[in-house]
Structures are given as structure tokens and as C-alpha cells.
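K.L.:
Dropping the structure in here first, questions after.
Taken together, the values in this text are just the output of simple stated rules run on the coordinates, not laboratory data. Computed from a predicted structure; not experimentally measured. Backbone-built Cβ (ideal geometry, glycine too); neighbour counts: all protein chains shown.
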2 protein chains.
Amino acid sequence: MRSVAPIADRSASKSARTRQRIVDAAAAAFRRHGYASVTLKDIATRAGLQAGSLYYHFDSKEDLIDAILSAGVDAAITATRDAVEALGPGADPVARLRAAIAAHVRVVLSEESHASANLRILGQLPDAIRERHLKQQRAYGAFWAALLRDAARAGAIRDDLDLSVVRMLTLGALNWTTEWYRAGRCSPSEVAAHAATMILDGIVRGASPRRRRG
Amino acid sequence: MRSVAPIADRSASKSARTRQRIVDAAAAAFRRHGYASVTLKDIATRAGLQAGSLYYHFDSKEDLIDAILSAGVDAAITATRDAVEALGPGADPVARLRAAIAAHVRVVLSEESHASANLRILGQLPDAIRERHLKQQRAYGAFWAALLRDAARAGAIRDDLDLSVVRMLTLGALNWTTEWYRAGRCSPSEVAAHAATMILDGIVRGASPRRRRG
DNA sequence: ACGGGTTTCTAACAGAGATTAGAAACGTGC
DNA sequence: GCACGTTTCTAATCTCTGTTAGAAACCCGT
């Protein structure tokens, strides 16, 4: 029997800790090599186990993927919403957008969260798995749509734009960072700042009024 | 023996035409399903052949991938450079950027070119294959770097930005369109226009001086 | 030290996919 | 109608991966 497997903390059962180790190993492998080239043997080795032992913790490879996908989107949702809400209820909608952009970049580039592995393999999953997680992703998309809508209603956004296209382009710029960002040359925060400037104010010289961060 | 296989046109040998059919089928499959979930049998079926017959035209699956990758980056390079050069030598550097953005989006969203398949599978390839094509991709990156550098030298770009970060964020926004764009709701040109506006001028209301297209 | 539940290992199986060799079919100039 | 080079098919091989069953090792309270 498999244990109930709550989120693993220090006091958790051995099983829960091993399970977490497996998820981490898998996420790390996926982040580096994509979905299909990673084998259960790879994951097990990284986690210090034999391939067959994974089946004590997960019913199948798909089950393992599911765990990572959920954790990843969850991390993004939580991080972004917290960052926005930390500004308080009456905050400037552009400042809220800036906070969301920064939070998204940070979580996507962090190694601990599984958001990066998530993005990396999203496009590679069999349709069956992807559909199982569509709802969660839609929720995240709706969150961003609301951010943009509020900003537009406040008159902060130019009115010649289709907000859903803007949203996809924005998230694209942010998500793609996982493909090229390597620690060292510049920090995730710097990337986030660049992204916010570019998306909100544009790269062309010529003052757009809002430049300071909230 | 395999024939020399030039680019296939109508007058080409039967072999060359079949080869092209295979490449097209493979690119279409990759664009839809990613790299590893596409089997040689799938590709062969789409091309109207048996799996084994592919080996008359390609030495291996990797060889086939290589053909698609080269064609894809080639298409992007050609399309973008042509669009920029069509503006003439003395064109406004921001207009050149706008043209490059539009051309990149168009080629990436076109079904015929293999650029979309290319992007889709880039992150999923075994390292060996990817490294073989790094040089070509670097060349494309250098082209964009030059576009941005010229614009910056002309004083058209705000000076608080790291241009290589801007470049990656920009290409990210454009490349990610392959993940969400579906024909119907709006045209690739509209997406391109939104991307250019967002990247160059920002989405926040408040006049940035350059809005008209070249 | 013992016993029972928990966790991991070992050694297999089944299926799929890339690849190959050789046979068949095709097409074309004579 | 034939011979020969080209193109495709068929059937088999070989390797790899997910998966499973059962044996071993581990852990811990008594």
C-alpha cells in the first residue's frame, strides 16, 4: 500500500521524503532534457533508487508526471497571486502587472519549484496527460486576464490592443526564459525588470510616463 | 544508393519529391506532437510509405531531423533578412526591427515552413543533435543582435537595457506564439503587429513617439 | 533478538520502435 | 517484351523502456 503522501516536510514519513526526492529528481531531469528522453531509470538513478522501486511510490510514469505538473502550476499560481496581493487592494494596476511579471519570472527560473520543468515538457506531453491539467492552466490564464482587464478598465493600457494576445505574448516572453537563462551573467530579478520595462513601456526611447517601480 | 537530393521542384527526380514529402510529413507531425512521440511509422504513414522505406531516403531518424532543423532555421533567416533588406539601406532602425518582428512571426506561424516544427522540438532534442545545429542558430541570434545594436547606436533604444536580454525576451514572445496561436481568431499579421507594439512601445498608455509603421 | 509492516532490490516480461536485409514492384530505354 | 536501375515492401532482429512479481533488506516497538 502506498501511504497517503502529504506534502513532505522534515517530520514526514520516510516514504514521503523519498517520494519528494523522486519528484525533484524527475523535475530536474525534465528541466534539462525534456520529457520523452528521460527514462524511469534516469530518474531512479538520480534519486538513488532502482527503476522498479519507483512503483512503490507511483502507479505509473504518468502518475509521476501528474505530480510534477500539479506542483509546477501550483507554484506559479501561488507565487504570482501572493506577489500581487502583497501590494494591497488599492494598488496601481500597472504596479500589479509589474509584480506579477517579476513573480512569474522568479518562479519559472527557480530550480526548486517545478514550474520550469513544467513549461519545458508542456508541449511534449501526450494529449491525454495535457488535457488532465488544462483546467489548472486555464485558471492561471484567467488570473492574468483579470490583471490585464483591471488595468485596462483603469485606463492604464492603450486601447488598440487585444488583451488576450497581449497576455499570450507576455507569458511567452516570460516562459521562454527557461530556454535561454543560465545563472551567472544576470539575476532572475534583472531579467524580470527587463521584461517588465519592455512589456509595459517598450524598448524604444521616448518617455512613457510610468517608469518607477511601485 | 541514395540520389544527390537537391531541393525538390516539380522537375526533380521521383526520389527527390518523395524525400520532400517525407520531410513535410515529419515536420507536420513534429509541429503537432513534439519530437519523441512521433514515430517513424507515423511519418511514413503520413507520407504514404512503409516505415522501412524511409531508409532509402535517410540514413537514420537523426538524419531526417537534421534536414528539418536546417530547413527551419534557414527559412527564418531568409524571411527575416529579406524583410529587413526590403526596407532599403537607410531605413529607420526601429522600422527595421518592426519588419523583423513581423517576418519572424509570419514564418514561425506558417505551416509550410518548418520553422514551427523546429521551435517545437528544439527543447526536446538529444544534446548531440542540438549541438550540430547550434552554429546556424547562433547566426540567427547574431542577426538580431546586430539589428538591436544598430538601433541602439542610432539612439533609438533606451539606454538602461541589456540588449541581449531584450533580444531573448523578444524572440521568446515571438517563438511562444507557436504554442498558443490557432488560425481563426486573428491573423499572424495581427499577432505580429501586437508584438511589435508591445515590444517597441509598451502596452501602457502614454505616448511613446514612434507608433506609425515605416 | 523477534516479528510485522515498510521500503527497496532483482530478475524477469511484454511491447514498441529503430533499423536492416532481401524480395518484390515499378518504370523506362531498347 | 526485356533487362536493369530505382523505389518500395515485408518480415525479422535488436535494443530499450515501462511494468510487475516476488524475494530481500530495513526499521522499529517490544
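K.L.:
If we hang a label 7 Å off Cα along the beta carbon direction at residue B:78, how far is it from the matching labels on the other copies, in nm, shortest first?
P.N.:
5.0
K.L.:
Under 5 Å between amide hydrogens, which residues at least 5 positions from residue A:203 or on another chain qualify, with H placed 1.01 Å from N in the peptide plane?
P.N.:
Here B:200, B:201, B:202 satisfy the definition.
K.L.:
Calculate the spin-label point distance for residue A:180 paired with residue A:46, positioning each point 7 Å from the Cα along the beta-carbon direction, and give it in nanometres.
P.N.:
So the label points at residue A:46 and residue A:180 sit 2.5 nm apart.
K.L.:
Fewest Cβ neighbours within 10 Å first, please rank A:80, A:18 accordingly.
P.N.:
A:18, A:80
K.L.:
Helix A:127-153 sits at what angle to the longest principal axis of chain A, using alpha carbons and giving 0 to 90 degrees rounded to 10?
P.N.:
For A:127-153 against chain A, the angle is about 20 degrees.
K.L.:
Let me ask something else. Using a simple charge model, +1 on the beta-carbon of Lys and Arg, -1 on the beta-carbon of Asp and Glu, nothing else, what dipole does chain A show about its Cα centre, in debye to the nearest 20?
P.N.:
Values: 31 positive and 22 negative charges, 91 e Å.
Dipole size: approximately 440 debye.
K.L.:
Provide B:98, B:158, A:138 in ascending order of the number of other Cβ atoms located within 10 Å of each residue's Cβ, fewest first. Can you show the working numbers first?
P.N.:
On the way: B:98 25, B:158 19, A:138 11.
Lowest count first: A:138, B:158, B:98.
K.L.:
For chain A, find the longest principal axis of its Cα atoms and tell me its angle to the long axis of helix A:14-33, 0 to 90°, nearest 10.
P.N.:
Once rounded, one gets 60 degrees.
K.L.:
If you don't mind, there's one more thing I want to ask. Name the lysines eligible as straight-distance cross-link partners of residue B:61: C-alpha to C-alpha under 19 Å, and not fewer than 8 places from it in the same chain.
P.N.:
Those lysines meeting the cut-off are B:41.
K.L.:
Kindly provide the helix-only [θ] at 222 nm of chain B, computed as the sum of -39,500 (n - 2.57) over DSSP H runs of four or more divided by all residues, to the nearest 500 deg cm²/dmol? Could the numbers behind the result be given before it?
P.N.:
Working: 10 runs with 135 residues, N = 214.
Here the helix-only value at 222 nm equals -20000 deg cm²/dmol.
K.L.:
Among B:64, B:119, B:161, which one moves the most in a GNM of chain B with springs linking Cα atoms closer than 10 Å?
P.N.:
B:161
K.L.:
As a test of the definition: which semi-axes, in Å, follow for segment A:131-209 when you take the square root of five times each eigenvalue of its alpha carbon gyration tensor? Largest first, please. Present the calculation step by step, with values, prior to reporting the outcome.
P.N.:
On the way: eigenvalues 101, 97, 17 Å².
Equivalent-ellipsoid dimensions as semi-axes: 22, 22, 9 Å.
K.L.:
What distance in nm separates the simple spin-label points at residue B:53 and residue B:91, each placed 7 Å from Cα in the Cβ direction?
P.N.:
4.4 nm
K.L.:
Debye sum, Cα scatterers, segment B:1-139, no solvent: what log₁₀ I/I(0) at q = 0.11, 0.17 1/Å?
P.N.:
Cα-only, vacuum Debye calculation for segment B:1-139: -0.45, -0.95.
K.L.:
Using Cα atoms only, what is the angle between the long axis of helix B:61-85 and the major principal axis of chain B, expressed in degrees (0 to 90) to the nearest 10?
P.N.:
30 degrees
K.L.:
Using only Cα atoms, what is the ratio of the radius of gyration of segment A:71-124 to 2.2 N^0.38 Å?
P.N.:
Details: Rg = 12.1 Å, N = 54, 2.2 N^0.38 = 10.0 Å.
That ratio works out to 1.21.
K.L.:
Please arrange B:176, A:180 by how many other C-beta atoms lie within 10 Å of their C-beta, fewest to most.
P.N.:
On the way: B:176 24, A:180 15.
Ordered from fewest to most neighbouring Cβ atoms within 10 Å, B:176, A:180 come out as A:180, B:176.
K.L.:
Distance in nm between label sites at residue A:32 and residue B:111, each 7 Å beyond Cα in the beta-carbon direction?
P.N.:
Label-label distance for residue A:32 and residue B:111, simple model: 3.9 nm.
K.L.:
Next question. Restricting everything to alpha-carbon atoms, can you work out Rg to Rh for the protein assembly as shown with a Kirkwood hydrodynamic radius? Working shown, then result.
P.N.:
Details: Rg = 23.0 Å, Rh = 23.2 Å.
We get a ratio of 0.99 for the protein assembly as shown.
K.L.:
So what is the orientation-averaged projected area of segment B:60-201, using the convex hull of its C-alpha atoms, in nm²?
P.N.:
Numbers: hull surface 35.7 nm².
Result: a mean projected hull area of 8.9 nm².
K.L.:
According to the Kirkwood expression over distinct Cα-Cα pairs, how big is the hydrodynamic radius of segment A:6-58, in Å?
P.N.:
On the way: mean 1/r = 0.0889 Å⁻¹.
So the Kirkwood estimate lands at 11.3 Å.
K.L.:
Per residue of A:171-183, how many C-beta atoms from partner chains lie within 10 Å of its own C-beta, taken as a mean?
P.N.:
Numbers: counts 5, 13, 12, 4, 5, 11, 4, 2, 8, 8, 3, 0, 0.
Per-residue shielding by partner chains comes out at 6.
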